[in-house]
1. Residues B:71, B:53, B:125, B:59: which one is buried (at least 23 other Cβ atoms within 10 Å of the Cβ) and not in a helix (DSSP H, G or I)?
2. Which is surrounded by fewer than 24 Cβ atoms within 10 Å (Cβ to Cβ) and in contact with a helix residue (DSSP H, G or I) (Cβ under 9 Å, 6 or more places away or on another chain), of B:141, B:101?
3. Please count how many residues of segment C:314-363 are in contact with a helix residue (DSSP H, G or I) (Cβ under 6 Å, 6 or more places away or on another chain), outside any loop (DSSP other than H, G, I, E, B) and closer than 17 Å to residue C:262 by Cβ.
4. Could you please give the count of residues in segment B:210-226 that are more than 18 Å from residue B:185 (Cα to Cα) and of a type outside the set (Val, Ile, Thr)?
5. Can you tell me which residue in segment B:172-201 is nearest to the other protein chains (Cβ to nearest Cβ), limited to those that are surrounded by 21 or more Cβ atoms within 10 Å (Cβ to Cβ) and under 23 Å from residue B:276 (Cα atoms)?
6. If you check residue B:45 against the conditions, is it charged (D, E, K, R), touching a residue at least 24 places away in the same chain (Cβ under 8 Å), within 12 Å of another protein chain (Cβ to nearest Cβ) and surrounded by 16 or more Cβ atoms within 10 Å (Cβ to Cβ)?
7. Looking at the structure I just gave you, is residue A:301 crowded, with 19+ Cβ neighbours inside 10 Å, of a type in the set (A, V, I, L, M, F, W, C), assigned to a helix (DSSP H, G or I) and without any contact (Cβ under 8 Å) to a residue 40 or more places away in the chain?
8. Just need a number here: residues in segment C:280-294 that are within 21 Å of residue B:154 (Cα to Cα) and at the interface with chain B (Cβ under 7 Å from one of its Cβ atoms).
Amino acid sequence: MLQFLIRRLTGAVVIMFLIGAFTFFLFYTIPQDFAELACGKNCTPENIAVIRENLGLDKPITAQFWEFMGGILTGRDFATGHCAAPCLGQSFDTREFVWDSIIDRFPLTLSLTVGGLVIFLILGLGSGLLAAWKRGTVIDKAVSGASMVLSSFQIYFLGPIVLGIFVYSTGWMENPKYYPITEDPAAWVVGLLIPWAVMATIFTAQYTRMARSTMIEQLQEEHVRTARAKGMKKSYVFFRYAWRGSLTPIVTILGMDLSGLLAGAVVTEFTFDLPGIGRLAVDSSLTKDLPLTMGVMLFGAFFILILNIIVDLAYAYIDPRVRLA
Amino acid sequence: MTTQTKTEDTPAPTGPEAFLSVRDLRVRFSTEDGVVNAVDGLSFDVERGKTLGIVGESGSGKSVTNLTILGLHNPQTASVEGEIVLDGQELVSAPERELEKLRGNKVAMIFQDPLTALSPYYTVGRQIAEPYMKHTGASKKEAKARAIEMLDKVGIPQPATRFNDYPHQFSGGMRQRAMIAMALICDPDLLIADEPTTALDVTVQAQILDLLKDLQQEFGSAIIFITHDLGVIANMADDLLVMYAGRAVERGSVREVLQTPKHPYTWGLLSSMPRLGGDLDEPLVPIPGSPPSLLNPPSGCAFHPRCTFKDQVDAGLCSGEKPLLAAGRAAACHLTPDQKQSIFIDQIKPRLG
Amino acid sequence: MSENVTLPKQQDSSGPGNGGEPLLTVEGLQKHFPIYGGFPFKRQVGAVKAVDGVDLTVYPGEALGLVGESGCGKSTTGRLVTRLLEPTGGKITYAGQDITHASRKQLAPIRSEIQMIFQDPFSSLNPRQTVGTIIKSPMEVNGINPPGGREKRVRELLETVGLNPEHYNRFPHEFSGGQRQRIGVARALALEPKLIVADEPVSALDVSIQAQVVNLLQKVQDELGIAFLFIAHDLAVVRHFSQRVAVMYLGKVMEVADRDSLYTRPRHPYTHALLSAVPEADVDSAKKERIRLSGDVPSPIMPPSGCPFRTRCWKAQDKCATDVPPLVQISGNREGHLTACHFPEEPTIAARAEDVVLDPALAALEAERPAKD
């Protein structure tokens, strides 16, 4: 197990490095002088030269790259002060340290993800299991039908409708806004309720369908039949035998969704005008802010890789056959 | 299209001490393509401590019948009619809770493929101990001790250690032994073994078959042994039921059915099967055609499209009327007893060497 | 170099032991599948010794049966012979030509002469192609233009294997298992092969259908003089089909002999155990010996040293662990009857005074009771 972890973590570091290199060099294929861009209007050649030096743009590209990557481990010094490790550089645009911008935005993204996750896991898996348990009945048909319809909705469609009803026309709720949970938990909940609900609705529908279909598949497994033939109760067979087998596909999809959400729920953030990581990512590439783009990319990649490893560990926990392989 | 037959095919073949009796069992599945008549008017008895062999090819309804006994069919798609009486208790109409009490306790099952029939997620020991805890109310510790005793009995070396292994850590033969331990842990009165050795190698099959026979002597269980292999059944069973397309076509003791078979299908099975000691100059005589679709079974006798002797019967009888299976030693065929005997002696017997 | 492959003339198809030149010779054939693992860098840490020194000979027109239990390497041997797999060691000679490591190009002319029939008639036929296309494609690939055209030839082949030539344009799913296996046979026959490797050709079929396919293969062998390497686990089917039979265990040939010798005068303890284990449908058949081995076949990753069967053998001695017994004709055997055993059994399958019961559970249960019969 330890060997497995070490091997996977080493692999993750290598992949992060490759992603960084790819992003960095791809960015330089844009025919654009970043110094000119940072300078703005009314720019003199002198100003540009100063900016170029300040941003380190006068050095060769590879040197810049190594400097950037090195900064992640050791920190860097800029004209505006020391940037502690993990230093992801300084924004061309705002001159803020990238790491600080990310950390500033991350609580919102994390809140969106965690809140939505709790809701859609409970509702989605719950109704999926219910439908599988009541297979073929009216309940099953209602749940399956509803999830089919809802899963074809999109956040940018459902979001404005919900906002229109609850905020603009009735005024029952405020526009979604982020309050740190540490300061005011109640406001945190109320402020994010609408985005959570909208996001969770769509995910719930997907998880309902997935849970139902994998459970139905598992219930037809021979070992489930054996458990019934031993006289075990229907509920016991359902939750111990069939459910255990359904976990693997569910965990797989969950890992992918979760890493996607943590790396920035772009559509949700834009729909509800919330400044999270997703917004940061889009803005940075629109302003061609290289360090910021690099930072957000690596930050997202980090979650994807870590969740991948966690999912693999979960497989081993769920299925003893994986443990020994 | 089919001439409808009388509802009750067969009177009880039987003795007073029939432990399980199945009467006129009909199982239908509704599928997208139509209704499948998986079992169509089947009757048989199993006596205490005896072994009934059920032989048939894929689609003959032999496995479905036995899933139905324990109510393990899918109630949403299957409809079951008829009577299944186990030790005086009617099972077709019994509620799920009653069946749960019987399953694994009074009646246990062993399945074909022990790899898929055991859950990969739990230890072998836990899976064996579970039904014991459930049915006897034993504590975890008692159940573990009993499970280890059973593992030892079925020949798993170092049973106390292997108790904690997962099924994939067992070899094929050991898994089937574990299944047997699981089935016998509550000392059942009836054991239903559905092709228990089909997935095993021949030397391992021999071990498992002998083990089942020896354990049957010790536990005194009755066994319903389902297989497609006449060789295996000759070794295991006291009585034999030959099934074709959801119906019983021949019944008798193993000796009677294998030595003086009376049904053209049984003749076909025996003559198409190569034997170790058979005469090599005698070619195999296959049954022409293939088994019928149960979605749309042939009218009359389901075997008539493949039967080489149907022209000896009055025109239209075979395709028009389902032959009945009489009580006791019998074959469901329109040929007269004399015809059966002379065909067997003149044509079939020489083929069997 | 490969163009001049000539086949030995086969005037008489009496096959084995007729002193003719062998069609196929396999010597010391090995196939080891590597296992990777280790830390921190993956490397080969072992190998599955699927085939580990197999010697076989197939004469023109004869059927050689290859029997053994799962994992004995019989199917792998079949795939090596048809060169679907690359051998790890040993030598395969076809019609005098060494094809052990022959390249695609060198194999091209031979490919058409060695054909294969697979076990599963469902997955071995492309469901998107018509029967005609399936049977025709080997001719297209090999650029063969039979007189009268390929389609005519396909129709003839369908007739040969007992299918309606009108079914040319049907798809495999419209056929039953037995009929599909016939299509597989027709495909194998399309190139007029000299050798067909049949890998468990009937084991996926119902009993009543098996005989149809066995008879068809027998007809093909008799009428077209095609040699067969018939791989199966069913000893009765193999006996019915093959003139000579080889018994494999853990990647090695334990015993090979003409059919009669192998089935009535076996010498290797494993052959005895196998024959004794086959259940017979005759209630009153003459009593034969009863041998019940213990446990399952060991893993081919770490096969026992010396004789692979020694761990389950009742006659094993120290010598069996150290020396690999050679596959030779031991005294008392007929010509061509080879056995790889240091301590062979008597050449009979009659019941013994005392059963050999090695299975601990059986032994324990049977010891409790006074012996019956």
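1. Values: B:71 fails: buried (at least 23 other Cβ atoms within 10 Å of the Cβ); B:125 fails: not in a helix (DSSP H, G or I); B:59 fails: buried (at least 23 other Cβ atoms within 10 Å of the Cβ).
Exactly one residue qualifies, and that residue is B:53.
2. Values: B:141 fails: in contact with a helix residue (DSSP H, G or I) (Cβ under 9 Å, 6 or more places away or on another chain).
None of the others qualify; the one that does is B:101.
3. So the count comes out to 0.
4. Within segment B:210-226, the first condition is being more than 18 Å from residue B:185 (Cα to Cα), and the residues that meet it are B:210, B:225-226.
Next, from what is left, pick out any that are of a type outside the set (Val, Ile, Thr): B:210, B:225.
Matching residues across segment B:210-226 total 2.
5. B:201
6. On the way: charged (D, E, K, R): yes; touching a residue at least 24 places away in the same chain (Cβ under 8 Å): yes; within 12 Å of another protein chain (Cβ to nearest Cβ): no; surrounded by 16 or more Cβ atoms within 10 Å (Cβ to Cβ): yes.
Criteria not met by residue B:45.
7. Details: crowded, with 19+ Cβ neighbours inside 10 Å: yes; of a type in the set (A, V, I, L, M, F, W, C): yes; assigned to a helix (DSSP H, G or I): yes; without any contact (Cβ under 8 Å) to a residue 40 or more places away in the chain: no.
Answer is no for this residue.
8. Taking segment C:280-294 as the starting set, the residues that turn out to be within 21 Å of residue B:154 (Cα to Cα) are C:290-294.
Cutting the leftovers down to at the interface with chain B (Cβ under 7 Å from one of its Cβ atoms) gives us C:292-293.
Summing the residues that are within 21 Å of residue B:154 (Cα to Cα) and at the interface with chain B (Cβ under 7 Å from one of its Cβ atoms) in segment C:280-294 gives 2.
The values are calculated or read from the model by the stated rules, or taken from the named source; none is laboratory data. As the structure is a prediction and not an experimental result, all values here were calculated from the model. No Cβ is skipped: glycine too gets one built from the backbone with ideal geometry, and neighbour counts run over all protein chains shown.
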